[in-house]
Amino acid sequence: MRVLITGAGGQVGRELVEACADDDVLAAGHSDLDVTDRDAVLGIVMTHRPDAIIHAGAWTAVDACEHDIDRAFAVNALGTRNIGDAARRVGAHLTYLSTDYVFDGTKRSPYTEWDRPAPLSVYGRSKLAGEQEAGTDSTAIVRTSWVIGRFGTGGFVRGVIAAARSGGPVRVPSDQRGCPTNARDLAVVIRRLVVERHCGIFHVTNQGDASRVELASTALDWAGIDTGLVEAVLTSELRPVPDAARPEYSVLDNAALRLSGLPLLPDWRESLAPLVRALGS
Ligand SMILES: NC(=O)c1ccc[n+]([C@@H]2O[C@H](COP(=O)([O-])OP(=O)(O)OC[C@H]3O[C@@H](n4cnc5c(N)ncnc54)[C@H](OP(=O)(O)O)[C@@H]3O)[C@@H](O)[C@H]2O)c1
């Protein structure tokens, strides 16, 4: 399988490159391919004619998106239009990465693939627009959430451990509940969806849900750090107050995977343990 991966230098992109190690991978980081450049997208796809494109490139700075709506939509929506256009021209299967932030969090029971999105933020709206651009004819839309992983300098778990090591307190919102998802687990399932050319929306997260406080406390505990450093606060009490609204509840039911008989990812706790080890704790 010849596969083009966009955003290949990102947290998920790097895991996708590893998960596709047995394939003929064209790993395009941001500096190799800017998805807002239509000519560049068509050029690379027409030249290499991949069997599949995994579109992991996105502007993911959730709070910054509030201040540059045009950039958010240029990258996340129009960039996906360019990728979709190119994929159709060569008959490539497309996988578009999307987010739990397409939901407003008012449901209070796990969101299925058939629940109606209602994003609260510019980022969420731009990612939903990307879903609309990707379509579902020959595309898998993979919505994931609360990605944690060994790559990248940011990330919630890395940030919590670093803040605690520098003495804390670690102020963490108690009013956000979701499904932590290990990027490595996610990448493995995405590859399977690609190989089998699944189409339609799939929620793909680790099983089980957590508040940010539970996730932070568990990570610190396993890193051998005093969990008493975690200070539970409301999102509105964080300083600075985040610019973008987040859903209070964005637990994703992986219904499409489950009903298709495809394997579900392990519980998030099971996938957090090796990550805490990999982060050198
Ligand atoms: N992280 C999460 O918790 C989470 C949750 C739900 C869904 N997702 C989705 O999962 C996907 C991967 O996210 P991630 O966590 O891997 O984020 P990430 O680490 O920020 O990776 C995104 C990559 O896209 C690149 N990029 C930005 N603008 C681009 C452009 N115009 N053209 C091409 N590439 C561009 C970025 O490069 P630069 O850094 O150089 O700009 C970065 O390498 C995204 O679609 C995201 O919306 C993530």
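Taken together, the values in this text are just the output of simple stated rules run on the coordinates, not laboratory data. Quick caveat: nothing in here was measured; it's all calculated off a predicted structure. No Cβ is skipped: glycine too gets one built from the backbone with ideal geometry, and neighbour counts run over all protein chains shown.
Whose amide H sits under 5 Å from the amide H of ASP253, counting only residues 5 or more places off or on another chain, with H placed in the peptide plane?
TYR111, THR112
Tell me, what HN-Hα J-couplings in whole Hz come from the Karplus equation 6.51 cos²θ - 1.76 cosθ + 1.60 at θ = phi - 60° for each residue of region 154-159, using x for Gly and Pro?
x, x, 5, 5, 4, x
Under 5 Å between amide hydrogens, which residues at least 5 positions from HIS93 or on another chain qualify, with H placed 1.01 Å from N in the peptide plane?
ALA52, ILE53
Classify region 132-215: rounded, prolate or oblate, from the alpha-carbon gyration tensor (a ≥ b ≥ c, eigenvalue square roots; a/c under 1.5 rounded; otherwise prolate if a/b is larger than b/c)?
Values: a/c = 2.99, a/b = 2.27, b/c = 1.32.
Judged from the Cα gyration tensor, region 132-215 comes out prolate (a/c at least 1.5, a/b above b/c).
Is the shape of the chain rounded, prolate or oblate, going by the alpha carbon gyration tensor and its root eigenvalues a ≥ b ≥ c, with a/c under 1.5 for rounded and a/b larger than b/c for prolate? Let's see the in-between values first.
On the way: a/c = 1.66, a/b = 1.55, b/c = 1.08.
Prolate, since a/c reaches 1.5 and a/b exceeds b/c.
Could you run the Karplus curve 6.51 cos²θ - 1.76 cosθ + 1.60 with θ = phi - 60° over region 209-216 and give me ³J(HN,Hα) per residue in whole Hz, x for Gly and Pro?
Ordered by residue, 3J(HN,Hα) equals 10, 7, 8, 4, 5, 4, 5, 5 Hz.
Mind listing the phi-derived Karplus ³J(HN,Hα) values for region 173-182, rounded to whole Hz, using 6.51, -1.76 and 1.60 with θ = phi - 60°, and x for any glycine or proline?
Per-residue couplings from phi come out as x, 8, 9, 10, 10, x, 10, x, 9, 6 Hz.
Which far-off residues, 5 or more places away or on another chain, put their amide H under 5 Å from the one on VAL230, with H placed in the peptide plane?
So VAL230 has HN proximity to VAL170.
How much net charge surrounds VAL213 when only other residues with a Cβ under 11 Å from its Cβ are counted (Lys, Arg +1; Asp, Glu -1)?
Computed value for this residue: 0.
Taking only DSSP H segments of four or more residues, each worth -39500 (n - 2.57), what value at 222 nm results for the chain once the sum is divided by all its residues, to the nearest 500 deg cm²/dmol? List each step's numbers first, then the result.
Details: 11 runs with 104 residues, N = 281.
Rounded to the nearest 500, the figure is -10500 deg cm²/dmol.
For region 30-99, what class follows from the C-alpha gyration tensor (a ≥ b ≥ c being the square roots of its eigenvalues): rounded when a/c is under 1.5, otherwise prolate if a/b is larger than b/c, else oblate? Please report the intermediate quantities before stating the final value.
Values: a/c = 2.48, a/b = 1.92, b/c = 1.30.
In terms of gyration-tensor shape, prolate.
Please state the Cα pair-distance histogram of region 162-281 with 10 angstrom bins from zero: what percent is in each bin?
Using 10 Å bins, I get a P(r) of 12, 36, 33, 16, 3 for region 162-281.
Which semi-axis lengths, in whole Å and largest first, follow from the square roots of five times the eigenvalues of the Cα gyration tensor of region 1-137? Could the numbers behind the result be given before it?
Numbers: eigenvalues 130, 53, 40 Å².
Output for region 1-137: semi-axes of 26, 16, 14 Å.
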